[in-house]
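First up is the structure itself, then whatever we jot down about it.
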Amino acid sequence: MNSEHDSRQAADVLGNPVILQGAWMRVDSWYRKGDLAPQPELSRWRLYPEAMLRDLAEEFRAANWSPEEWRQVPYPKKGARLRHYVMPTVRDQVAFMAHMVALGPILDVQVANFAFGNRWYRPIAWDRRAEPPRWRHRRYPVLTDKIFLSYARSHGLFRRVAHWTVARMTDATLPATDDSGRVQLPVDYEESELPPWTREEWWSGTPDTPRAFWAALDVELAYPSVRLNRLAMAMEQALRRPANVHSLFDGCPQTVLEALALPGVRADIGRRLTTALGETTLDPGGIPLQSWGPPRGHPLPQVSAHDGIPTGLAISGILLNVVFLEPDRIIQNYLERNTEDKRGAIVRFADDMYVMSRSPDGLWSLVENVHGALSGAEPASLATPNRGSNICINFKKIRPDAVQEVIRIYLVENGWTECADETCRQPLPPSPTSERAPEPILDWWLARLTRKEFMSHRDSLVRTAIQRGDVGPFVTGLVERLSDMGTDTLRQRFGDGARDHLARLHELARFDIADEQVRPDTRRTFSVNRLVRAWLPKSPEVGEEQRELRRIRDTVSFVLDRTPWKFTIWRAVVRAAARRALGEPKHSSEEASEWLAARGRSLFAEPNCSGGLAMSD
């Protein structure tokens, strides 16, 4: 009886007009920002949103909503490969979003404070009344067009926390200003908002020569590798935990809050979501299946009733965070148990992680525990093949090279083989029937340190370690610039401020700026998408605005030639062609049309040296 009551209340929550309106606002904004949209369905939704939402509400209440067939999209990826990408119907995007409008805040507050990617949107305000002033989060709004925190804000904090952590480890001084002005510091945030390793007391007892040994880890095919039964288990556990929903939501109807206060209602909504994911079917559009996946040797898990969070579903990011809830908890518990020379830290952005420790011994143990947490087998040696969660570390993407090389040797000596195909991204694990029990990497490492030929690997690790006063790849100077450029202030709209803003955006897009953690394609994409929307400075000179638009198009062309596989670059191309200066002559529209056509033709030109997707007839 109670489950039936929970189910009826869950249906009422999903069919609530405010919840559905919040879902549609987010989905409509998702499409307006350039994500692939099915037409003419989207046009119908924009013409008659109230009727569409009313029909969807009736489906929820009658318990007869189920996903339609989704189109697999040939989304280009670097290296002339196709990304695992789907295009759900607008109806299904709104339906899935409605589930997350109700559950997003409840799930997001449980995400570890060292994880920063795909965080559910909530406003943040600078509280000047506090002493000292600091950033404070507000409640999660129901009616907003924002799904996640902006990349500039979330990735900026991710990089800052990595920087602050390494500075604490090495006893380095955190500067309060740089060339962009005042920079953010840990004291600007509540302690609960940041991981404990950003504080000095976490690293008490620092050695006389403090170092930070580090590794960058990446999950292999994170989204399509997720098994839906594990997502369902993680969702159920998270939604059954106590939650003070009245303190989380802003603008949520009282009847919805009362329903969401019941764990059974929350769990029922979560089960509806994961069940619907398992019911999705795909139309590959006639493209051979082998074209969708990674290089040979590692077939792509299919989005079906069994596996995969579909990339292209607007809520996929927070679903991945739900999958990581338990691994994050396991990793944090491990870190809290270790002190002295094995003291460590981790920061995560979606499926990218940095792990850090005071010593090589601590680093190896931490990497191995991350592997065990992700694979669902605890304890598990790093050489134990992942046969549980289907989520695994991409050993070929581990950085720095010194760490990757030691792990490669360790795997080979414990029965793994190196793929003969040079495009293969992963070492190949031993046969499932192998009875060989791999030794922990720390035991293996300590046993080989006495060998003369192995000393070079230890020396390489020491050379790549971060020293006091030199935080190396964790410097946040570029992050501060990107965060500053992502704002929209009056100074950036008028006079010299607008000219300076444009000049800095051109620089970020065109210049080679050394930064190990912000990829050039990410920096350029960020820059041109703001450049095409930037305010043009007012000038008394005739035709100055038109000349500035030409300069913007030149920079967009420059970036496109170097990163044609980035879909968001093409969004900037369309914006640059569509933008017009006030009072511009008629022939300028023809000029813009010709420029846009030329950009399209360049995609099918002779192969270029940038390694893009250009191809000949």
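Tabulated results
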| quantity | calculated |
| --- | --- |
| Some residue of segment 6-17 being among the polar types (S, T, N, Q) and free of Cβ contacts under 8 Å to residues at least 40 places away in the same chain | no |
| Residues that are farther than 20 Å from PHE158 by Cβ, modelled with pLDDT under 95 and small (Gly, Ala, Ser), drawn from segment 97-135 | ALA125, ALA130 |
| Selection status of ALA152, more than 30 Å from LEU282 (Cβ to Cβ) and either small (Gly, Ala, Ser) or touching a residue at least 40 places away in the same chain (Cβ under 8 Å) (or both) | yes |
| Single residue of LEU313, LEU335, LEU320 found to be buried (at least 18 other Cβ atoms within 10 Å of the Cβ) and more than 30 Å from PRO88 (Cβ to Cβ) | LEU335 |
| Residue tally, condition surrounded by 14 or more Cβ atoms within 10 Å (Cβ to Cβ) and part of a loop (DSSP other than H, G, I, E, B), over segment 57-67 | 2 |
| Meets criteria (more than 23 Å from the chain's Cα centre (by Cα), at pLDDT 90 or above and open to solvent by less than 20 Å² (accessible area, probe 1.4 Å)) for VAL403 | yes |
| Residue in segment 149-169 that is closer than 30 Å to LEU277 by Cα and part of a loop (DSSP other than H, G, I, E, B) present | yes |
| Residue in segment 322-332 that is in contact with a Lys or Arg (Cβ under 9 Å, 6 or more places away or on another chain), more than 26 Å from TRP164 (Cα to Cα), at pLDDT 95 or above and not in a strand (DSSP E or B) present | yes |
| Qualifying residue in segment 263-281 (condition: touching a strand residue (DSSP E or B) at 6+ places or on another chain (Cβ under 9 Å), surrounded by 18 or more Cβ atoms within 10 Å (Cβ to Cβ) and farther than 21 Å from VAL18 by Cα) | yes |
| Number of positions in segment 184-214 that are modelled with pLDDT under 90, buried (at least 17 other Cβ atoms within 10 Å of the Cβ) and over 16 Å from MET356 (Cβ atoms) | 1 |
| Unmet requirement for GLU541, which otherwise passes all of (1) open to solvent by 60 Å² or more (accessible area, probe 1.4 Å); (2) at pLDDT 85 or above; (3) within 21 Å of ARG499 (Cβ to Cβ) | (2) |
| Candidate set: segment 112-139, residues that are in a strand (DSSP E or B) and within 26 Å of MET353 (Cα to Cα); chosen: the one most open to solvent (accessible area, probe 1.4 Å) | ARG136 |
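Listed here are the residues, each with its yes/no results for (1) within 13 Å of the chain's Cα centre (by Cα); (2) closer than 20 Å to PHE158 by Cα.
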position: GLY317; (1), (2): yes, yes
position: ASN333; (1), (2): no, no
position: GLY344; (1), (2): no, yes
position: VAL347; (1), (2): yes, yes
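This table checks each residue for (1) touching a Cys at 6+ places or on another chain (Cβ under 7 Å); (2) over 25 Å from ALA98 (Cβ atoms); (3) open to solvent by less than 60 Å² (accessible area, probe 1.4 Å).
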{"site": "SER154", "(1), (2), (3)": "no, no, yes"}
{"site": "HIS163", "(1), (2), (3)": "no, yes, yes"}
{"site": "VAL166", "(1), (2), (3)": "no, yes, yes"}
{"site": "PRO175", "(1), (2), (3)": "no, yes, no"}
{"site": "ARG182", "(1), (2), (3)": "no, yes, no"}
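The values are calculated or read from the model by the stated rules, or taken from the named source; none is laboratory data. None of these values were measured; they are calculated from a predicted model. With ideal geometry, Cβ positions are generated from the backbone for all residues, glycine too; neighbour counts draw on all protein chains shown. Just so you know, the surface numbers come from the protein's heavy atoms only, side chains and all, with ligands and any DNA or RNA stripped out. Shrake-Rupley method; radii C 1.70, N 1.55, O 1.52, S 1.80 Å.
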